[in-house]
Amino acid sequence: MDRWIIIGIVLVGYILYSAIKQKETWKKLSVMQNIGVLVTFVGVISAGGYILFYGVRFLIGFTSNEIISIIIQFITAIIVVIFCMLVFSSLVSKITNGLLPKKRKR
């Protein structure tokens, strides 16, 4: 199997696991809030993937050194993931009136 297919299957599996785990929270939300959360999730994932794919290609185009290319990819991935998490959390919090994202118990 191709590596990307396996990563996709694991990602979808984790999303389904998280959705089932938060079943009671989803029931508290209206249909429009559920749709808003889903659209926001797909939008943030799409924007992050687009930035990672095209942004990293643009940035590593300036160097021919493989080690520097890997470092640029790693740093860009960390920045994009953190930015997407912050944007998703703030948007979902507004959509659900603070019900989501759930606060982690320590």
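Filtered by the rule that a residue be over 24 Å from Asn34 (Cα atoms) and either open to solvent by less than 80 Å² (accessible area, probe 1.4 Å) or in contact with a strand residue (DSSP E or B) (Cβ under 9 Å, 6 or more places away or on another chain) (or both), the range 74-105 gives Thr76, Ala77, Ile78, Val80.
Among residues that are without any contact (Cβ under 8 Å) to a residue 24 or more places away in the chain, under 26 Å from Arg104 (Cα atoms) and among the polar types (S, T, N, Q), Ser69 is not included. The residues in the range 28-41 that are open to solvent by 80 Å² or more (accessible area, probe 1.4 Å) and either of a type in the set (A, V, I, L, M) or within 15 Å of Met85 (Cα to Cα) (or both) can be counted, and the count is 5. None of Ser93, Ser64 is of a type in the set (S, T, N, Q) and assigned to a helix (DSSP H, G or I) except Ser93.
Contact map, the range 35-48: residues that are under 13 Å from Ser89 (Cα atoms) paired with residues that are open to solvent by 70 Å² or more (accessible area, probe 1.4 Å), Cβ distance under 7 Å, separation 6+ or inter-chain. Pairs shown: Thr40/Leu91. Of all residues in the range 1-27, those satisfying the criterion of being exposed (fewer than 10 other Cβ atoms within 10 Å of the Cβ) and not in a helix (DSSP H, G or I) are Met1, Asp2. From the list Trp26, Trp4, the lone residue that is among the aromatic types (Phe, Trp, Tyr) and more than 17 Å from the chain's Cα centre (by Cα) is Trp26. Here Ile51 clears all of (1) over 21 Å from Leu100 (Cα atoms); (2) in contact (Cβ under 8 Å) with a residue 24 or more places away in the chain; (3) open to solvent by less than 60 Å² (accessible area, probe 1.4 Å) except the condition numbered (3).
Screening Val92, Val56, Val81 for residues that are under 25 Å from Ser30 (Cβ atoms) and in contact (Cβ under 8 Å) with a residue 12 or more places away in the chain leaves exactly one candidate, Val92.
The values are calculated or read from the model by the stated rules, or taken from the named source; none is laboratory data. None of the values given here were measured: they were computed from a predicted structure. Positions of Cβ are backbone-derived with ideal geometry, glycine not excepted, and every protein chain shown enters the neighbour counts. Ligands, DNA and RNA are stripped out before the accessible areas are found, and what is left, the full protein with its side chains, is counted by its heavy atoms. Shrake-Rupley method; radii C 1.70, N 1.55, O 1.52, S 1.80 Å.
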